[in-house]
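Written out below as structure tokens is the structure these notes cover.
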Amino acid sequence: MKKIIVLISGTGSNLQAIIDACAQGRIQATVQAVFSTRSHVQGLERARDANIPSYAIRPSDYADRAAFDDALIRHIDEYAPDLVVLAGYMRILTPHFVAHYTGRLINIHPSLLPKYPGLHTHRRALENGDSEHGASVHFVTEELDGGPVILQATVPVFPGDDEALVAARVRHQEHAIYPLVISWFVDNRLVMRDGTAWLDGQRLPPQGYAADE
Ligand code: GRF
């Protein structure tokens, strides 16, 4: 069984989707532990409910970003994970952290990358009058939200939508695409090579699987 570590900072609805997919055998792996940058978040409760070891490791307890990331690496590596999954993890990673897990570190971002890296993606999509929005799963590289995209899900944006409606629509899709991508990785179908994502030996286009080139 492959081993997954999930890093969170909040609600953990993607974490839940991953836990459920493991329990149902859609992902042939186990979530070994969950680490959160915040205590008392729902994601930690979800881990506890699933009997998964869970820890809050708070950045404020460390001298700087490097010390925090080094401590996190030590904790994570006790589990010798095959894959480290960022699921609503609200911290910028040090280059050292990214290099340490390169090729086995993935993230989900609530926009159709390369559009809207960073924060407030739903608001920005609405303000720009976009008729489509979505989410992207990508390998993590040193560039913030800039690593090679593996899979995107697109949702419509309707007149009169507000941020909460768009966020819920995107979140719903996230819960489908993140477990799917994780299953590809766990089944040895997905790798990062030469700064690109490859699925079943095929180089994926810039916007991921099944995108129009
Ligand atoms: C998701 O929208 C994800 O794309 C972003 O943070 C949010 C996390 O939500 N990175 P949850 O904690 O998984 O509910």
**OP:** Report whether or not ARG46 is assigned to a loop (DSSP other than H, G, I, E, B), of a type in the set (D, E, K, R) and surrounded by 14 or more Cβ atoms within 10 Å (Cβ to Cβ).
**Re:** no
Original post:
When you go through (1) within 16 Å of the ligand (Cβ to nearest atom); (2) assigned to a loop (DSSP other than H, G, I, E, B) one by one for GLY103, which number turns out not to apply?
Top reply: (1)
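Within the bounds of region 119-130, is there any residue that is over 14 Å from the mean Cα position of the chain (by Cα), assigned to a strand (DSSP E or B), within 14 Å of the ligand (Cβ to nearest atom) and modelled with pLDDT of 95 or more?
no
If the requirement is being buried (at least 19 other Cβ atoms within 10 Å of the Cβ), without any contact (Cβ under 8 Å) to a residue 12 or more places away in the chain and either within 13 Å of the ligand (Cβ to nearest atom) or not hydrophobic (A, V, I, L, M, F, W, C) (or both), which of these qualifies: TYR116, TYR89?
The unique qualifying residue is TYR116.
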Subject >> region 166-198, residues that are touching a Ser or Thr at 6+ places or on another chain (Cβ under 8 Å), surrounded by 17 or more Cβ atoms within 10 Å (Cβ to Cβ) and not in a helix (DSSP H, G or I) >> reply: MET192
Subject >> Lone unmet requirement of (1) within 14 Å of VAL181 (Cα to Cα); (2) modelled with pLDDT under 95; (3) among the aliphatic types (A, V, I, L, M) for ILE108 >> reply: (2)
Original post:
Does ILE150 qualify as being among the aliphatic types (A, V, I, L, M), under 21 Å from GLY25 (Cα atoms) and surrounded by 18 or more Cβ atoms within 10 Å (Cβ to Cβ)?
Top reply: no
Subject >> Among the residues listed as SER111, SER39, the single one being in contact with a helix residue (DSSP H, G or I) (Cβ under 6 Å, 6 or more places away or on another chain) and within 16 Å of the ligand (Cβ to nearest atom) >> reply: SER111
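The values are calculated or read from the model by the stated rules, or taken from the named source; none is laboratory data. What you see is a predicted model; the values in this text were computed from it and never measured. Cβ sites come from the backbone with ideal geometry, for glycine too, and all protein chains shown count toward neighbours.
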